[in-house]
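Here the structure comes first, spelled out in C-alpha cells, and everything after it is commentary.
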Amino acid sequence: MEFPRHIRRVIVVAVASVSLAIVPVAASASAAAVSTGWIRLAHLSPNTPAVDVYLYSFGDSSAQLVLRHVGYGDVSPYEAVTAGEYTVAMRAAGASAATKPVLSASVDVVAGDAFTVAGLGPESALRLQVLRDDLRTPPDKALVRVIQASLHEHLVTVSYGGTVLAASLAFGSVSSYQPVSAPAAPVRIEAVGVDVASSVTLAAGSVHTLVVLDKANGVTVDNLLDAAGSAVAPAGGVGTGLGGAAPRGPASPLPWVAVIVAGALIALAGRLRLRRLPRPRT
Amino acid sequence: MKAFAGRPAAGFALAVGLAAVAVGGTGLILTRHWVTPRYPAAAVLRVPAGPAVARPGPVAAPVALTIPAIGVRTALIRLGLTTSGALQVPPSASIAGWYTGSPRPGAIGPAIIAGHIDSYLGPGIFYHLSELAPGDRLFVRRADGTLAVFRVTAVRSYPKDHFPTHSVYGATPDRELRLITCGGTFDPSLRSYLSNVVVYASEIT
C-alpha cells in the first residue's frame, strides 16, 4: 500500500513517539528493583590496632561511607549501594583521609548481591578479602559458613549439632556456606586443648556467618546474621482479589439504559392513552 | 364500549413501563462500581507518630499499617499457609495481614503483608496499591508501640503463574517490607485475578 509522503511521515512520527513513551517506563520499572547491592566491612585481624575504614565509589575521591575506630571483631551493618565498582581503604584510626591507606581493595558490587570486605590475617600480613555473601537458602534450611579469625588457635574445627561446618580451618581463612536444618543447636569449636560450646539459632530461610574470635583467655564465636527471609516461602501467587471491583468490559450499561428508555416510552404511551380515553361512569 | 375497553390496556402499559424503568434503574445501579473508597482520605490521614526505631535485635510483632499516600490505615491480622502451601489471605477484604513465617517488619529480611484488592462487592484495603511510587512512605506500628518506617523502592506486577518467589520471599541482608495484592485482568471463570502486584520497600534508618 502506497501512502503519500506526508501521511507516511505522520505515521512514522506517531509510531516513534508511542514506542518512546513505552520503552522508558518499562526500563525504569525493572531498574528500580535490581540496581542496588549490599556491602559491609569487618575488622577480623586480632593483632591489628583499630582502623578507620573508607568506602569510595570507584573514581570518586570523596568517601561515600567512613567508619571510624573499627576494632578487632567489629562488623558493620550492610550498606545498600548502587551496583558498580567500589574501593575499600583502611587507614590507622585517626589518620587523615588524605594519607595513603594502609590497605585497599576494590569490589565489584553486583545488583542484588551482598559482599563482606574483611581485614583478615595477622598484622604483619594483613589483607583485605572480598567475600561474596550467599542470599539463596535451600528450602527449609539455613546457610552457614565460618570465618577463622583466632590467632590463639591456628586450626579449629567448628561443628553445629552433628554437622561439621569446617574441619581444621586455618587462621585467616573462610569456609564455604553449608546448608543446615536444625533450628537451634550447640556450636562446638575444637582445637588443640580447646573445646568450647555455645548454643546458636540458625532459623530456616536465614544466612549466617560464625566468626571464631580470640578473647582474653581462649576463643569465642560470634554469630552474624547475614540475611533472613521467610522460613517457608509460600507456593505460587496470592489470591487477594474476588473481582468485585474488577473492570468489566462487556458488561456495558447500554442494555439497562435501553430497558429504562423503553419502559419510559411504554409508560408515557399508556399515560397519554389514559388521558385521551373518557373515564368510565359507574 | 370499545372506548372503555382501551383503559385497562393503557393502565397496564403504564404499570409495565414504570416497572421496566424501575428494573432498568436497579440493574444499572447494581452493575456499576461506585468506586470512591478511602482514597480521598489520603489528604487528611495523619502520618503516624511514635518512636521510630530501626534497632538491632528482636523487634515486636506488627499490629497496624498506615500508607498515607493512598489513604490506607488497617490493623494487621496473622497469616499462615494454606494446606496447599500457598499464602493465606485475610478473611475480610477490609483488613491486611502479616505472614508469620516471614521476618517481623523492622527485623532483617523481607516482612510480608498481604491484602485484598477487592471483595465480591467492591474495593478492598489494597485497591490503590499499584498507584504507589518509589519514595512513598509506609508505616508499621508494632505491639510495643514502636514504629517502623519504610520507603517504597519498586512496584511490580507479575503473572501469578510466574510469581518470583525468590525476589519476594528470599533472604535480604537489610530490613525490608513487601506488600502483596492482586492485579491485572480478572478471570471470571476462575474467580481470580491473573497477576499479583508487589510493592518493595526498605526501612529508613
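Based on Cβ point charges of +1 for Lys and Arg and -1 for Asp and Glu, what charge dipole magnitude is obtained for the protein assembly as shown about its Cα centre, in debye rounded to the nearest 20? Can you show the working numbers first?
Working: 39 positive and 27 negative charges, 831 e Å.
With only Lys, Arg, Asp and Glu charged at Cβ, the dipole is about 4000 debye.
Given a 1.4 Å probe and no ligands, DNA or RNA in the count, how much accessible surface is buried by A and B, both sides, to the nearest 100 Å²? Show your work: numbers first, answer last.
Values: alone 17060 and 11590 Å², together 23880 Å².
The contact between B and A buries close to 4800 Å².
So who's got an amide H within less than 5 Å of the one on residue B:72, skipping anything under 5 residues away but keeping other chains? H placed 1.01 Å off N, in plane.
Close amide H contacts, sequence-distant or interchain: B:67.
To the nearest 10 degrees, how steeply does helix A:254-276 sit against the main Cα axis of chain A, on a 0 to 90 scale?
Approximately 30 degrees, to the nearest ten.
Hey, any idea what % of the stretch B:66-205's accessible area is carbon plus sulfur with a 1.4 Å probe?
53 percent
In the protein assembly as shown, with Lys and Arg counted as +1 and Asp and Glu as -1 at Cβ, which of these residues, B:62, B:193, A:61, has the Cα nearest the positive end of the dipole, that is, farthest along it?
B:193
Mean residue ellipticity at 222 nm from the helices of chain A, using -39,500 (n - 2.57) per DSSP H segment of n ≥ 4 over the full residue count, to the nearest 500 deg cm²/dmol?
Per the formula, -6500 deg cm²/dmol.
List the residues whose amide H sits under 5 Å from the amide H of residue A:133, counting only those 5 or more places along or on another chain, with H placed 1.01 Å from N in the peptide plane.
When sequence neighbours closer than 5 places are left aside, the close amide H contacts are A:114, A:115, A:116.
Calculate the tail of P(r) for the stretch A:37-133: the fraction of all Cα-Cα distances greater than 20 Å, expressed in %. Provide the component values of the computation, followed by the final result.
Values: 1325 of 4656 pairs.
Tail fraction, whole percent: 28.
Tally up the carbon and sulfur contribution to the accessible surface of the stretch A:37-133 as a whole percent, 1.4 Å probe, everything protein left in place.
Values: 2220 of 4220 Å².
Carbon and sulfur atoms account for 53 percent of the accessible area of the stretch A:37-133.
Computed from the mean reciprocal separation of all distinct C-alpha pairs, what Kirkwood hydrodynamic radius does chain A have, in Å?
Values: mean 1/r = 0.0406 Å⁻¹.
About 24.7 Å for chain A.
In Å, what is the Rg of the alpha-carbon atoms in the protein assembly as shown, and how long is Dmax?
Reported Rg and Dmax, both Å: 32.6, 125.
Which value in Å is the Kirkwood Rh of the stretch B:66-143 over different Cα pairs? Don't skip to the end; give the middle numbers.
Numbers: mean 1/r = 0.0750 Å⁻¹.
Final number for the Kirkwood radius of the stretch B:66-143 is 13.3 Å.
Please give the per residue accessible area of the stretch B:94-205, computed with a probe of 1.4 Å over protein heavy atoms only, in Å².
Working: 3830 Å² over 112 residues.
With the other protein chains kept in place, the stretch B:94-205 gives 34 Å² per residue.
Hey, can you grab everything whose amide H is under 5 Å from the amide H of residue A:81? Only 5+ residues off in sequence or another chain; H modelled, so Pro and N-termini drop out.
When sequence neighbours closer than 5 places are left aside, the close amide H contacts are A:37, A:38, A:39.
Dividing the alpha-carbon radius of gyration of chain B by 2.2 N^0.38 Å (N being the number of residues), what value is obtained?
Numbers: Rg = 23.7 Å, N = 205, 2.2 N^0.38 = 16.6 Å.
So chain B has a normalised radius of gyration of 1.43.
Per residue of the stretch B:184-195, in order, report the coupling 6.51 cos²θ - 1.76 cosθ + 1.60 (Karplus, θ = phi - 60°) as ³J(HN,Hα) in whole Hz, putting x for Gly and Pro.
x, 7, 8, 9, x, 5, 8, 6, 8, 6, 8, 10
What length, rounded to one decimal in nm, is gained on full extension from residue B:16 through to residue B:77, with 0.36 nm per residue of separation minus their alpha-carbon distance?
Length difference between fully extended and current span is 16.9 nm.
Of B:84, A:84, A:118, which is farthest on the positive side of the dipole of the protein assembly as shown, counting Cα position, with +1 on Lys and Arg Cβ, -1 on Asp and Glu Cβ, and the Cα centre as origin?
B:84
Count the DSSP beta bridges whose two residues both fall in the stretch A:37-133, then state the antiparallel fraction as a percent rounded to the nearest 5. Display every interim value, and only then the final one.
On the way: 29 of 35 bridges.
Taking every DSSP beta bridge with both residues in the stretch A:37-133, the antiparallel ones total about 85 percent.
The values are calculated or read from the model by the stated rules, or taken from the named source; none is laboratory data. Bear in mind the structure is a predicted one, so any value in this text is a computation, not a measurement. Using ideal geometry, Cβ is built from the backbone for each residue, glycine included, and neighbour counts are taken over all protein chains shown. Just the protein is used for accessible areas: all its heavy atoms, side chains included, with ligands, DNA and RNA removed. Shrake-Rupley method; radii C 1.70, N 1.55, O 1.52, S 1.80 Å.
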